[in-house]
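Reviewing the structure listed below.
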Amino acid sequence: MKLYYIAGASRSGSTVFAQALSSVLDAYNIGEYFLNYCNEKMYIGELPCSCGSKPSVCPIWREEGNHIDVNDLKVLSKKSRMRNIFFKLTKTERDYFKKLIENLSYKFGNESIIIETSKSPAFLRYLLSSKINLTVIHLTRNPYDSVNSWLIKKKYLDSKSFWGGVHDWFMMNYLTFIYSKLKKLDYVRVKYENFCEDPKEVLSYILKRDCKDLKDKYITKRNVFESPHFNHALAGNPSKFDSVENITIKNSRRQKKPVDFGIKGLFLKFIGLPFRY
Ligand SMILES: [Zn+2]
């Protein structure tokens, strides 16, 4: 099984990016599967699947709840927090995660290509311990737009204060980079802005690294992709799936005036520098 793990900060456009990637790869985009397991959201079935159903009725995910031990879940939920990233995993945690991976390979087959978008670098520890064929795609978006997106309350999504957004951007991006380099993971960094400007070019670049060809029969216009055959992503932002036939990638760059954060904006400039923002 090959797994593309989309890492980076929240509000970086990973929902749309993963849909487009799975479309050109004919892959299984399972969305935020790990995260959903670890914070009980999927177990409770709050968030819909991209097919439009709740996981408890979706044909792909409805059986999942049966395998879950709530106590295991609580342990994993705590340990999947970012601040624990440099602590070793216990045997229980490793075994639990192993079960999740085995479940995926049973469901989709050993030769399948999976795309997962939980983003938190904390899951990289688990993936490393499960010895899966892993590529980390670090998706970054400029901190101004990411933080601004946190300020706006959206359906299904929480909002955060300016500093909450800064903290998320900083921790997620820096830890993903540091951890991937330390552990010598197969790592590729992609700017969301570049992806929006020329999706095909960016996706081909990622696939070329893995000697895979882009199947552009699904690209109907420069920025419109046909939805993949497998449409059961456990969504971070389900409102992105309102149109099921197509994925339209909006060019976010220069689309609107940059947000003016005043003097606080200097912080964003500062944390964005190493990522060339
Ligand atoms: Zn579904």
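The values are calculated or read from the model by the stated rules, or taken from the named source; none is laboratory data. Predicted model only: the values in this text are computed from it and were never measured. Quick reminder, even Gly has a Cβ in these numbers, built from the backbone with ideal geometry, and neighbours come from all protein chains shown.
Filter region 45-66 for residues that are at pLDDT 80 or above and of a type in the set (A, V, I, L, M); which is farthest from the ligand (Cβ to nearest atom)? Of everything passing the filter in region 45-66, 57 is farthest from the ligand (Cβ to nearest atom). Note on region 208-225: residues that are assigned to a strand (DSSP E or B) and surrounded by 15 or more Cβ atoms within 10 Å (Cβ to Cβ) amount to 3. For region 77-102, what are the residues that are modelled with pLDDT of 75 or more and assigned to a loop (DSSP other than H, G, I, E, B)? Scanning region 77-102 gives 85, 86, 87, 88, 89, 90. At pLDDT below 95, of a type in the set (Asp, Glu) and exposed (fewer than 13 other Cβ atoms within 10 Å of the Cβ), is that true of residue 158? Considered against the rule, which asks whether it is at pLDDT below 95, of a type in the set (Asp, Glu) and exposed (fewer than 13 other Cβ atoms within 10 Å of the Cβ), residue 158 comes out as yes.
Within region 148-162, identify whether any single residue is under 25 Å from residue 203 (Cβ atoms) and either in contact with a Lys or Arg (Cβ under 8 Å, 6 or more places away or on another chain) or among the charged types (D, E, K, R) (or both), and answer yes or no. Yes: region 148-162 contains one or more residues that are under 25 Å from residue 203 (Cβ atoms) and either in contact with a Lys or Arg (Cβ under 8 Å, 6 or more places away or on another chain) or among the charged types (D, E, K, R) (or both).
Inspect region 125-145 for any residue being in contact with a Pro (Cβ under 7 Å, 6 or more places away or on another chain) and either farther than 19 Å from residue 2 by Cα or touching a residue at least 12 places away in the same chain (Cβ under 8 Å) (or both) and give the result as yes or no.
As a first pass, look at region 125-145 and keep what is in contact with a Pro (Cβ under 7 Å, 6 or more places away or on another chain): 144.
Going one step further and asking which of them are either farther than 19 Å from residue 2 by Cα or touching a residue at least 12 places away in the same chain (Cβ under 8 Å) (or both), we end up with 144.
So far as region 125-145 goes, yes, one or more of its residues are in contact with a Pro (Cβ under 7 Å, 6 or more places away or on another chain) and either farther than 19 Å from residue 2 by Cα or touching a residue at least 12 places away in the same chain (Cβ under 8 Å) (or both).
Annotation for region 103-114: at least one member residue is part of a helix (DSSP H, G or I), modelled with pLDDT of 75 or more, away from the ligand (no atom under 16 Å from the Cβ) and of a type in the set (Ser, Thr, Tyr). Elements of the type helices (runs of 4 or more DSSP H) sitting completely within region 141-207 and holding at least 3 residues that are of a type in the set (A, V, I, L, M, F, W, C): these cover 143-151, 162-182.
Here residue 13 meets the list (1) more than 20 Å from residue 128 (Cα to Cα); (2) away from the ligand (no atom under 16 Å from the Cβ); (3) modelled with pLDDT under 80 almost entirely, failing just condition (3).
The residue that is nearest to the ligand (Cβ to nearest atom), counting only those in region 221-254 that are at pLDDT 75 or above and of a type in the set (Ser, Thr, Tyr), is 227.
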